[in-house]
1. Which of the peptides 30-36, 18-24 is most tightly packed, and how do the rest follow, going by the mean number of other Cβ atoms within 10 Å of each residue?
2. Can you compute 3J(HN,Hα) from phi for each residue in the range 34-42, using the Karplus curve 6.51 cos²θ - 1.76 cosθ + 1.60 with θ = phi - 60°, rounded to whole Hz and x for Gly and Pro?
3. Distance check, please: which entries in K9/K36; K9/K103; K36/K83; K22/K95 exceed 25 angstrom between their Cα atoms?
4. Taking the Cα centre of the range 36-106 as the origin, how large is its charge dipole in debye, to the nearest 20, when only Lys and Arg (+1) and Asp and Glu (-1) carry charge on their Cβ atoms?
5. If each residue's Cβ is checked for other Cβ atoms within 10 Å, how do F56, F16 rank with the fewest at the top?
6. Taking amide H positions as placed 1.01 Å from N in the peptide plane, with prolines and chain starts having none, which residues 5 or more places from I23, or on another chain, fall under 5 Å of its amide H?
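Bear in mind that the values in this text are calculations on the coordinates, not laboratory data. Everything numeric in this text was worked out from a predicted model, so none of it was measured. Every residue, glycine as well, gets a Cβ built from its backbone with ideal geometry; the counts of neighbours run over all protein chains shown.
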Amino acid sequence: MNSTGIDYKAEIERHFVWFEDKIPARAARFINWLRKPSSRLVRFPLAILLILGGIFSILPILGLWMLPLGLLLIAQDIPPLQKPVAQLLGWLERKWLERQAAKAEKPSRNQQASHKRPQAK
């Protein structure tokens with residue numbers, strides 16, 4: 001824990017759990033294996049490839065989802081990256097939740113508006 005009271009390593013762990021919860025069980029087991037200290041020789045190059053894949057997400061097969069996962073994997077091995085990665089992913093998570101809340105609110109507004117307008121016969 002640092003002087004601000006935030007444990008960035010725990011925050012990184014929370015994001016890993018979130019990712020593992022959102023993906024298929026087989027992929028989650030693979031990511032769990034990657035996180036083990038014995039997998040470092042595989043984890044670091046794969047993290048670089050995921051980051052590059054996320055940057056070039058406009059190409060087929062690649063996706064923006066690769067970037068945060070690659071950053072999480074690389075931050076596990078490079079402690080000075082834990083704080084900025086945890087902060088970036090926290091910001092992305094807040095934006096994602098705000099967007100989801102706005103999407104959920106939009107249909108309810110449309111339903112309210114349709115109830116107020118008289119229906120044409």
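1. Numbers: 30-36: 14.7, 18-24: 12.6.
Top of the packing list down: 30-36, 18-24.
2. Working through the residues one at a time gives 4, 6, 5, x, 5, 9, 4, 5, 8 Hz.
3. Table pairs above 25 Å Cα-Cα are K9/K103.
4. 80 debye
5. Least crowded to most crowded, the residues run F56, F16.
6. Excluding prolines and chain starts, which carry no amide H, there are no hits.
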